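Peer 1: Please see the structure below; I have some questions.
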Amino acid sequence: MEKLRYRRIVRSLLMSLPGSLLAGLVTFISYGLHLRFVTVSFLYLIVVVLQSLFGNFVSSVIASVVAFLCLDYFFVPPLFSFRVSDASDTLALLSFLVASLVVTRLTSQAQEFANAEERQRRQMAHLYELARQLLALKPSPVFDAEFLSPFRSEFNLRAVCVFEADTAQLYTLGESVNQLFEMTRDSYIAGKDFDDSSCQVAVRLLRIGGRTAGAIGFEGLRNLELTAGPLSALAAIMIERCYAFEQTSRATAATEIEVFRGAVLDALAHEFKTPLATILTAASALGELGPLAPEQVELAKAIESESSQLSNLTSRLLRIAKLEREEVKPHIEATELVHLLESLVQQYSQRWPDRTFSFVKHPPVEVMADRELLRLGFGQLLDNACKYSQPGSEVSVSIETTDKEIAVRIWNSGSSIPVSERARVFERFYRGVDSRSLTAGSGLGLYVARKIAIVHGGSLDLEYPKAETGTAFRFTIALAQKENHDPKIQRASG
């Protein structure tokens, strides 16, 4: 700091030399021409104004003092002495000194304002050019030091660096002589900005979305107070742009993966359909070829049964793929719900003999729905109840009706969903921590079942039973009232 002050004093002395020399020249000429005090004082005042126009305030004060001393020594009686014999001359000298200092101050202020405005204009031009270069950079989800280059070149910086908080990486450009890189990291850790005018070093925290995302440091930056803030704002915008591009890229990639996965499911299901149909036909034709041994008949029935089940599974795959692509239009018709649920309970009781199934009897009831979609939706709920429960668990299906809708409740005793996971169970591909270790799965079952409920104008919700343990889901759908059924459901071909 002392060194900087010494440099400023020496610079002011050097800048005062032209005014001091000009004051000496005016003294020599005026003394030789025997000019009077009033005339010489105006000439000295012109010298002070000229010095103010081309120097700073300190150099102008020095020139004013030199002119005052020359005026007193050479033109005020007694000559060649700094004493003043007449009080009026003393007043005149003081008036000259005050006038010269006031003129010096006003001129210096005007000059400083003009210089400040010019600096600000140049800084704005540099900032505009920097913003243009930054926006011209190709968006990238990977943050690197490439975007620091315009900062350094446009503002002629010795070094510039960014500390990114998320990765704890320090990106640098240039050679620092004042430990800029360490100061940038330390400023982020301390949570405050840093300035050192003597070294032309400035460090600013980068705030994005209400949080501190890192810090940026500049070395060799002039006008720290004027420039450091806008530069850090541009850096924050660029980092936020990288984050946004990364999120967009991930979302785009996820969408493309979903489209590709749906297409693969669709293609595989179609490919399975043809050989399965051939196997079913061949198994049915075996009995017509002639009398078969009992073992052969049993094998033929097993082939036919398992092939039929595989065919149903491929049909479910096709429906799920179309549901995810929003291509399914439900084929709405009057559907007897009790019979559909009874057949599903019987089917799953055969498939899961180590579970205890119960169906609470209910009078026949009709709903306006797509029979196959309902079968798929309820099948998903029953499948979940079996897969995520222990052997010996109870699975119960019951029906509740109101004036406008019917609710199907599917409950199992052998599993429960943690409170922290209940809000996410209907998300696509979401599987709980415990579920991943119990059984394999895709996390699509509940997502598809809820989508089927919604497409029928109903809902699927997770119940929170107070008096019983286990897991219960409630699937609601409108009753078959032709004048009152849900307007969202349109009749369409499957």
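Read the figures in this text as sums done on the coordinates, not as results from a lab. Worth saying up front: this structure is predicted, and the values here are computed from it rather than measured. Note: ideal-geometry Cβ built from the backbone for every residue, glycine included; neighbour counts use all protein chains shown.
Peer 1: Please name whichever of SER153, LEU221, PHE245 sits farthest to the positive end of the charge dipole of the range 135-251, dipole taken about the Cα centre and charges placed at Cβ: Lys and Arg +1, Asp and Glu -1.
Peer 2: Checking the options against the dipole of the range 135-251, the answer is PHE245.
Peer 1: Using only the alpha carbons of the range 212-252, determine the length spanned along each of the three principal axes and report them from longest to shortest in whole angstroms.
Peer 2: 43, 16, 14
Peer 1: Among 298-308, 410-420, 75-85, 446-456, what's the highest-first ranking by average C-beta atoms within 10 angstrom per residue?
Peer 2: Descending packing order for the listed peptides: 446-456, 410-420, 298-308, 75-85.
Peer 1: Quick one: if you stick a label point 7 Å off each Cα along the C-beta vector at ARG211 and PHE74, how many nm between them?
Peer 2: Computed distance between label sites ARG211 and PHE74 equals 7.4 nm.
Peer 1: By how many nm would the segment from ARG8 to LYS387 lengthen if fully extended, with 0.36 nm per residue of separation less the alpha-carbon distance? Each step should come with its number before you reach the end.
Peer 2: On the way: separation 379, 0.36 × 379 = 136.44 nm, distance 8.29 nm.
Full extension of this stretch gives 128.2 nm more.
Peer 1: Please give the direction-averaged projected area of the C-alpha convex hull for the range 333-478, in square nanometres with one decimal.
Peer 2: The number I arrive at for the range 333-478 is 8.4 nm².
Peer 1: Another question, if that's okay. Dividing the Cα radius of gyration by the Kirkwood radius, what Rg/Rh value follows for the range 2-117?
Peer 2: In the range 2-117, Rg relative to Rh is 1.02.
Peer 1: How long is the gain from GLN350 to LEU137 if the chain were fully straight, where each residue apart is worth 0.36 nm and the alpha carbon distance is subtracted?
Peer 2: 70.3 nm
Peer 1: In Å, what Rg and Dmax follow from the Cα atoms of the range 135-251?
Peer 2: Spelled out, the Cα radius of gyration and Dmax of the range 135-251 are 13.5, 48 Å.
Peer 1: Counting other Cβ atoms within 10 Å, keep those with at most 16, restrict to DSSP loop, and tell me which trypsin sites (Lys or Arg not before Pro) in the range 174-239 are left. The partial results should precede the final answer.
Peer 2: On the way: sites: ARG185, LYS192, ARG204, ARG207, ARG211, ARG222; in loops: LYS192, ARG222.
Passing sites in the range 174-239 are LYS192, ARG222.
Peer 1: Out of the GluC sites (Glu not before Pro) in the range 151-223, which ones are loop residues according to DSSP with at most 12 other C-beta atoms within 10 Å?
Peer 2: Within the range 151-223, the qualifying GluC sites (Glu not before Pro) (loop, at most 12 other Cβ atoms within 10 Å) are GLU175.
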